[in-house]
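Below is one structure, written out as structure tokens, with a few remarks after it.
The values are calculated or read from the model by the stated rules, or taken from the named source; none is laboratory data. Please read these numbers as outputs of a predicted model, since none were measured by experiment. With ideal geometry, Cβ positions are generated from the backbone for all residues, glycine too; neighbour counts draw on all protein chains shown.
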Amino acid sequence: MWSRVRRAGFVTALALPCSLSAVQSAYAGLGGAPMTPPTDASVSSRTVQPGTSSAAAAQSVMRSASSAASSTSASASYTVRETTFGNGTVVREYLAADGSVFGIAWRGPQMPDLNDLLGSYFPQYVAGVKAVRAARGGARGPVAVDQSSLVVRSGGHMGAFSGQAWLPPALPAGVSGSDIQ
């Protein structure tokens with residue numbers, strides 16, 4: 001006969017892989033190629049000219065992901081690729097003319113996998129979070145990692161997460177961190 005503790009541990013062990021599979025992975029990396037969205041996600045993109053207002057950028061025509069790569073030119077324009085996951089979480093990738101991701105923003109009911117989104121910058125982010133929390137005496141809350149090569153701002157609560165991450169040295173001319181939304 002199993003004890004209640006053993007039974008609860010067994011049920012938890014069975015449920016954990018299911019709950020982890022429910023968290024959708026983005027398969028992207030800041031500084032690298034854009035994500036490969038899961039099949040239940042919708043993707044749209046638009047080209048933005050630096051210096052245009054956010055309202056003007058929001059009114060631009062949305063293009064399919066396949067045409068966005070061809071519409072990116074050698075000018076200072078960049079592409080914003082928006083992926084909406086089946087769970088309602090929205091991730092925006094900011095792509096330079098060469099197709100590399102220089103910024104990412106997210107919002108939604110479920111936190112995206114920052115390990116995937118930040119790619120090779122994830123260890124630097126983790127170290128920055130540890131430093132911020134140590135300075136706060138271990139207190140949790142919204143996080144801002146602001147370094148010369150990486151900026152990440154993340155916050156929210158269950159059901160409403162948001163954040164931005166960008167690479168300051170990789171920002172195209174005329175683009176600032178406040179453009180990553």
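Every residue in segment 141-167 that is of a type in the set (S, T, Y) and more than 18 Å from F102 (Cβ to Cβ), please. Before you say what the answer is, go through the steps one by one.
Residues of segment 141-167 that are of a type in the set (S, T, Y), as a first pass: 148-149, 154, 162.
Scanning segment 141-167 gives a single hit, S162.
Among the residues of segment 19-34, write down those that are at pLDDT 85 or above and surrounded by 15 or more Cβ atoms within 10 Å (Cβ to Cβ).
Selection gives L30, G31, P34.
Within segment 151-172, how many residues are without any contact (Cβ under 8 Å) to a residue 24 or more places away in the chain and crowded, with 17+ Cβ neighbours inside 10 Å?
The qualifying residues number 1.
Tell me whether segment 67-87 contains one or more residues that are of a type in the set (F, W, Y), under 17 Å from P38 (Cβ atoms), out of contact with any strand residue (DSSP E or B) (no Cβ under 6 Å at 6 or more places or on another chain) and modelled with pLDDT of 50 or more. Explain how you work it out, then say what you get.
The first filter runs over segment 67-87 and keeps only residues of a type in the set (F, W, Y), leaving 78, 85.
In the following step, the residues that additionally are under 17 Å from P38 (Cβ atoms) were identified as 85.
Now drop any that are not out of contact with any strand residue (DSSP E or B) (no Cβ under 6 Å at 6 or more places or on another chain), which leaves 85.
Filter again for modelled with pLDDT of 50 or more, leaving 85.
The answer is yes, given that some residue of segment 67-87 is of a type in the set (F, W, Y), under 17 Å from P38 (Cβ atoms), out of contact with any strand residue (DSSP E or B) (no Cβ under 6 Å at 6 or more places or on another chain) and modelled with pLDDT of 50 or more.
Would it be correct to say that L114 is closer than 24 Å to P50 by Cβ, modelled with pLDDT of 90 or more and out of contact with any Gly (no Cβ under 6 Å at 6 or more places or on another chain)?
Taking the combined requirement at face value, the residue does not satisfy it.
Would you be able to tell me the number of residues in segment 88-101 that are closer than 13 Å to P34 by Cβ and β-branched (V, I, T)? Write out each step before concluding.
In the first step, residues of segment 88-101 are kept if they are closer than 13 Å to P34 by Cβ; the result is 91-96, 98-101.
Checking the rest, the ones that are also β-branched (V, I, T) come to 91, 101.
Counting residues in segment 88-101 that are closer than 13 Å to P34 by Cβ and β-branched (V, I, T) gives 2.
Counting only residues that are buried (at least 16 other Cβ atoms within 10 Å of the Cβ), outside any helix (DSSP H, G or I) and more than 15 Å from the chain's Cα centre (by Cα), how many does segment 90-144 have?
1
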